[in-house]
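Undergrad: Once you've had a glance at the structure underneath, I'll fire off some questions.
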Amino acid sequence: MLKKLKSLAKQLKQELAVYRLVLKHPQTPWLAKCLLWLAVGYLLLPFDLIPDFIPILGQLDELVIIPALLYLALLLIPHSVLQSCREQVQQAVASEI
């Protein structure tokens, strides 16, 4: 179980590094950049569209809104940009080992 959690944390860290590179990439469309920033902002800001004190819906809004924003942004990003950013992250991880 602990091994699985460590693996999941490593994958999440790599995905965040990929998104960071995608935001800096000059070929990333501005709308995709905006959607990625909205996802990060919604995750970090202290207010929610649906307050947390509303049972079930208050906790589920983060589970729906953030992945939806990420999904839409990934649809707009050219595959070549995403692939090159993933390769850069893989090379960085390989050089650490």
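The values are calculated or read from the model by the stated rules, or taken from the named source; none is laboratory data. Note that the coordinates shown come from a computational prediction; the quantities given were computed from them, not determined experimentally. Ideal geometry is used to build each Cβ from the backbone, glycine not excepted, and the neighbour counts take in all protein chains shown. Only protein heavy atoms, including side chains, enter the accessible area calculation; ligands, DNA and RNA are left aside. Shrake-Rupley method; radii C 1.70, N 1.55, O 1.52, S 1.80 Å.
Undergrad: State whether one or more residues within the range 20-43 are open to solvent by 90 Å² or more (accessible area, probe 1.4 Å), within 13 Å of V89 (Cβ to Cβ) and either at pLDDT 90 or above or of a type in the set (G, A, S) (or both).
TA: Checking the range 20-43: at least one residue is open to solvent by 90 Å² or more (accessible area, probe 1.4 Å), within 13 Å of V89 (Cβ to Cβ) and either at pLDDT 90 or above or of a type in the set (G, A, S) (or both).
Per-residue answers, yes or no, for (1) modelled with pLDDT under 85; (2) closer than 20 Å to K33 by Cα; (3) over 13 Å from the mean Cα position of the chain (by Cα):
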site: D48; (1), (2), (3): yes, no, yes
site: D52; (1), (2), (3): yes, no, yes
site: L69; (1), (2), (3): no, yes, no
site: Q91; (1), (2), (3): no, no, yes
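Undergrad: If the Cβ limit is 6 Å and pairs must be 6+ apart or interchain, which residue in the range 73-97 that is within 15 Å of K10 (Cα to Cα) pairs with which residue that is in a helix (DSSP H, G or I)?
TA: Taking only residues 6 or more apart or on different chains, the pairs are R86/V18; V89/Q14; V89/A17; V89/V18.
Undergrad: Then there's this: Check whether at least one residue in the range 2-11 is free of Cβ contacts under 8 Å to residues at least 60 places away in the same chain, outside any helix (DSSP H, G or I) and surrounded by fewer than 17 Cβ atoms within 10 Å (Cβ to Cβ), and report yes or no.
TA: No, the range 2-11 has no match at all.
Undergrad: I'd like the residue in the range 1-19 that is out of contact with any helix residue (DSSP H, G or I) (no Cβ under 8 Å at 6 or more places or on another chain) and hydrophobic (A, V, I, L, M, F, W, C) and, out of all such residues, is farthest from A92 (Cα to Cα).
TA: My answer is M1.
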